[in-house]
Every structure is written in structure tokens, then in C-alpha cells.
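Written below as C-alpha cells is the structure these notes are about.
Every number in this text was worked out from the coordinates using simple rules, so none of it is lab data. This structure is a prediction, so every number in the text was calculated from the model and none was measured. Here the Cβ is made from the backbone with ideal geometry for all residues, glycine too, and neighbour counts use every protein chain on show.
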Amino acid sequence: MAKRTQDGGDDVSLFPFLSVLACVIGTLTMIIAAVAVQALDNDTVDQAIKYEEKKAELAETDAALAKLNAELKKKEAQLKSEQSAEQKKLADAKKRLAALLAKLDEAQSKLSQISLDGPKVDLAGEAESIKEMESELKSKREKIAQMEKEIADRKLPPKESEVSILPGGSGVGFDPTFVECDEGRIVIHDGAKTTPVRTNELNTNPDFAKALAEVKANPKGSLVFLIRDDGLSTYWSARNFARAKGVKNGKLPVIGDGRIDLSYFKKKTPE
């Protein structure tokens with residue numbers, strides 16, 4: 001059997017030394033890492049974490065703000081459009097109002113030019129006058145009936161009837177102007193001349209206005225209304241118109257339908 005050749009010196013194994021060296025290096029690395037970790041500031045780490053969180057929240061807030069800004073611009077545009085339409089409606093309404101005001105001013109101007117100086121009815125003093133005149137007219141009608149009966153009994157020939165107007169206790173000492181009151185009209189007696197005037201023309205008739213002016217200008221002048229049976233409403237209108245003009249007036253009933261005889265007033269009566 002062949003013998004192993006022996007080396008000239010002893011062999012040295014490096015494996016255990018390298019293993020120990022690697023372990024020492026690993027241990028030192030771990031120690032250094034632990035020391036480095038322990039050397040870090042915990043507050044800084046927390047702040048870094050919070051920073052990242054706040055950064056994420058800020059990004060979300062920016063996105064929400066951008067969305068709200070877009071909606072706000074949309075609403076602003078819509079509001080401007082609606083406001084423009086409302087302003088147009090308001091402008092149109094102002095134009096219509098100005099036109100209506102102009103028409104109103106024109107109507108008021110025309111109305112101010114219309115004379116409203118007409119008769120004013122005094123309802124408070126009418127009741128007593130009506131009763132008094134109705135009673136007087138009733139009495140006169142009874143007398144007329146009696147006279148007609150007497151005429152019929154006497155078989156007198158027919159002739160034009162005539163009604164004589166006699167003054168009362170105040171019939172002396174004034175200058176009367178007589179105005180006869182029929183249904184729907186008055187008749188102005190000026191001597192032998194008579195001038196009829198319709199009731200609805202009292203405000204505008206120049207003859208009636210002239211008669212009123214002459215009576216008012218005469219210190220002794222007085223307007224005497226001669227009232228027929230059917231002339232009560234005409235009398236009230238004419239009397240109220242005369243009062244409105246400040247003209248003195250009185251009244252006398254006319255009994256019968258004959259022609260009015262004013263000859264008594266033509267006589268000179270001593271004052």
C-alpha cells in the first residue's frame with residue numbers, strides 16, 4: 001500500500017476565523033443600525049407623518065374648492081342671465097308706468113278745464129219745502145176743481161184760461177224777474193218776451209246766465225220762480241243753481257194750466 005506523501009509543514013484552516021469575522025461585522029452592523037434608529041427624533045417622524053396627512057387633506061380641499069368655484073361661476077352666470085331678464089322687465093314696466101302717468105296728467109288737465117259749477121242739491125232743506133209745497137198745491141187743486149165745477153154748472157163758453165200771479169206780503173219793494181218752472185224746462189219772462197230753457201242746459205244757457213247776472217247786479221233784484229204742478233224737480237235744479245251763483249230768489253205756486261198773467265207786477269206800487 002502506498003504511503004501518503006507528507007507535506008513539509010502543518011496546514012492552517014482559515015474557515016473558523018472568517019466565520020467569526022463575518023459574525024462580528026454583522027453584529028457591528030446591527031449595533032450601528034440600532035444606535036442610528038435610537039438617534040432619530042420621534043417628534044420629527046410624527047411631524048413628517050402629519051405633514052403627509054395634511055398634504056393629502058389639502059389636496060382634497062383644493063379639489064373641493066375647485067369644484068365649488070366651478071359651481072359658483074355657473075350660478076353667477078345663471079344669476080346674471082336672470083338679472084338681465086328682470087332688468088328688462090323692470091325697464092318695460094317703467095316705460096308703461098310713464099305712459100300711464102302721462103295719460104293721467106293729460107286727463108287731469110282736460111278735467112280741470114271742464115266747468116263743474118252746476119247746481120248743488122241741498123237735501124237737508126228739501127224735505128220741509130216739499131211738504132209745504134205739496135200741501136199748498138193740494139189746496140189749490142181743490143179750489144180749481146170747485147171752479148171747474150162752477151163753470152160747468154154755469155155752462156160758460158170756453159176761453160183761454162189765465163192765471164194771475166199775486167205777490168205775497170214781501171211782494172213790494174223789489175224788482176222781480178220771473179222764471180216759470182215746467183216739467184223739463186224753465187221759461188224766462190222778460191216783459192212780453194218769453195225764453196224757454198231746458199233743465200239740462202241750465203249750466204250753459206246764455207239767456208239764463210244773463211238773467212242771473214242782471215238780478216245779482218240789481219240791489220233790489222230778486223229771482224221769482226213760478227212753479228207749475230209738474231215743475232217741482234225743475235224748480236229744485238234752477239233754485240240750487242241760482243243759490244250757487246249767489247242770486248236772491250223766491251217762489252210762488254202757479255194754480256192751473258192757463259197762461260201766466262204778470263200784469264199786477266207791472267203796476268207801480270208806492271214804497
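Apply the Karplus curve 6.51 cos²θ - 1.76 cosθ + 1.60, θ = phi - 60°, to the phi angles in the stretch 63-70 and return the couplings in whole Hz, x for Gly and Pro.
For the stretch 63-70, the Karplus-derived couplings read 5, 5, 5, 4, 5, 5, 5, 5 Hz, x marking Gly and Pro.
Can you compute the modelled spin-label distance between Phe265 and Asp92, with each label point 7 Å from Cα toward Cβ, in nm?
It is 6.9 nm.
Using modelled amide H (1.01 Å from N, peptide plane; none on Pro or chain starts), what sits under 5 Å from the amide H of Asp182, excluding residues fewer than 5 places away?
It is Val187, by chain and number.
Cross-link list Lys80/Lys103; Lys131/Lys248; Lys193/Lys248: which exceed 32 angstrom alpha carbon to alpha carbon?
Lys80/Lys103
Modelled label-to-label distance, Lys245 and Gln47, 7 Å Cα→beta-carbon offset: nm?
Label at Lys245, label at Gln47, 11.1 nm between them.
Rounded to the nearest 0.05, what FRET efficiency do Ser135 and Ser164 give with R0 = 22 Å and r taken as the Cβ-Cβ distance? Could you check? The partial results should precede the final answer.
Details: r = 22 Å, r/R0 = 0.98.
My answer for the efficiency is 0.55.
Taking H as built 1.01 Å from N, whose amide H comes closer than 5 Å to the amide H of Asp190, not counting residues under 5 places away?
For Asp190, the qualifying residues are Thr195.
How much length is gained if the chain between Ala102 and Ser81 is pulled fully straight, taking 0.36 nm per residue apart and subtracting their Cα-Cα distance, in nm to one decimal? All intermediate terms of the calculation are to be shown ahead of the outcome.
Numbers: separation 21, 0.36 × 21 = 7.56 nm, distance 3.19 nm.
Gain on extension, Ala102 to Ser81, equals 4.4 nm.
So how do 48-56, 191-199 stack up, highest first, on mean other-Cβ count within 10 Å? Display every interim value, and only then the final one.
Values: 48-56: 10.1, 191-199: 12.4.
Packing order, densest peptide first, comes out as 191-199, 48-56.
Can you give me the long-range amide H partners of Gly250? Hydrogens built in the peptide plane at 1.01 Å from N, cutoff under 5 Å, separation of 5 or more residues or another chain.
Leu223, Val224, Phe225
If you plug each phi of the stretch 226-232 into the Karplus form 6.51 cos²θ - 1.76 cosθ + 1.60 with θ = phi - 60°, what whole-Hz ³J(HN,Hα) values come out, in order, with x for Gly and Pro?
9, 9, 6, 4, 9, x, 5
Can you pull the one-decimal nm distance between simple spin-label points at Leu28 and Glu150, each 7 Å off the Cα toward Cβ?
17.5 nm
Work out from phi, with θ = phi - 60° and the Karplus expression 6.51 cos²θ - 1.76 cosθ + 1.60, the ³J(HN,Hα) of each residue of the stretch 56-62, listed in order in whole Hz, and give x for Gly and Pro.
3J(HN,Hα) across the stretch 56-62, in whole Hz: 5, 4, 5, 4, 5, 5, 4.
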